[in-house]
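Presented below is the structure to which this report refers.
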Amino acid sequence: MKFYIAIISIILLASCQQPTKQLPILGNSIITGKDTAYPTIANFSLTNQDGQTITNKTFDNKVYIADFIFLSCPTICPKMTKEMYNAYLPFSTNDKVLFISHTIDPQHDSIPRLKAYANNLGVSSAKWHFVTGNQDSIINLAEHSYFSTAYADSTSPGGFTHSGGLLLVDKNRHIRGVYNSTKPEETQRLINDIQTLLKEQF
């Protein structure tokens, strides 16, 4: 009898130890022998709403969510920020999760304007960085590191064209998901994926 109980216990234990779901790593990989290298976010140095320098080091051993906006955007940006905020709320006290919003209009989005915008949202400066810097560097970062569309366009409302994606980045600087910020169900998917990534990496 004890033998059968032991066998049943082993089977139940094995059934509970399903492999943890892992998110894909996005971007074209490079295979060299037995090693596979994936694209990573390039080094950057930007300034946040508190005037602090924000670099890749800021996100060491963190997962983070990134987007590209501008404060005078008359179209998609308010929706993006709303959905970013909705993703922020469940992780507002989790020190392993950070958020970063890059302005693609640094000429107008000064540090005081970014600070006022963040304060109006009621978010923690240490948790959600609104960053500015050299416009060409930010647009290059968007296009080549985050595979996100961002460029000046006089024919577009507000003078810029940019994508509405929220991007999930892991602690190794790999992009693990892209989410359409115009759809609330995509925000829920992002929240679920953040939880999955935290289980995978910590």
Next on the checklist: Just to be sure I follow the rule: in the range 88-202, considering lysines 8 or more places apart or on different chains, how many pairs have Cα atoms under 18 Å apart?
Outcome noted: 6
Checklist entry - Packing-wise, with mean Cβ within 10 Å as the measure, how do 27-34, 75-82, 100-107 rank, highest first? => result 100-107, 75-82, 27-34
Next on the checklist: From zero outward in steps of 5 Å, how is the percent of C-alpha pairs of the range 70-134 spread across the bins?
Outcome noted: 4, 17, 29, 27, 15, 7, 1
Next on the checklist: Can you tell me what share of the DSSP beta bridges in the chain is antiparallel? A percent to the nearest 5 is fine.
Outcome noted: 60
Item to check | Fraction of antiparallel bridges per DSSP, the range 32-107 only, in percent to nearest 5 | outcome: 35
Checklist outcome for this item: Descending packing, highest mean Cβ count within 10 Å first, for 136-143, 183-190 is 136-143, 183-190
Checklist outcome for this item: With Rg from the Cα atoms and Rh as the Kirkwood inverse mean 1/r over Cα pairs, the range 48-108 has an Rg/Rh of 0.98
Item to check | Debye log10 I(q)/I(0) for the chain, one point scatterer per Cα, at q = 0.18 Å⁻¹ | outcome: -1.29
Checklist entry - Mind checking the dipole of the range 40-201: about its Cα centre, +1 per Lys or Arg Cβ, -1 per Asp or Glu Cβ, Debye to the nearest 20? => result 380
Checklist entry - What angle do you read, to the nearest 10 degrees and between 0 and 90, between the alpha-carbon axis of helix 184-201 and the longest principal axis of the chain? => result 60
Checklist outcome for this item: The summed charge of the residue 170 Cβ neighbourhood (under 15 Å; Lys/Arg +1, Asp/Glu -1) stands at +4
Next on the checklist: Suppose we keep just the DSSP beta bridges with both residues in the range 76-177; what percent of those would be antiparallel, to 5?
Outcome noted: 55
Checklist entry - Nearest 10 degrees, 0 to 90: what angle lies between the long axis of helix 77-88 and the longest principal axis of the chain (Cα atoms)? => result 30
Next on the checklist: Between helix 111-121 and the chain, what is the angle of the helix's C-alpha long axis to the longest principal axis, kept within 0 to 90° and rounded to the nearest 10?
Outcome noted: 50
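Computed from the coordinates by the stated procedures, all read-outs in this text should not be read as laboratory data. Quantities reported herein were computed from a predicted structural model and do not represent experimental measurements. FYI the Cβ positions are ideal-geometry reconstructions off the backbone, even for glycines, and counts take in every protein chain you see.
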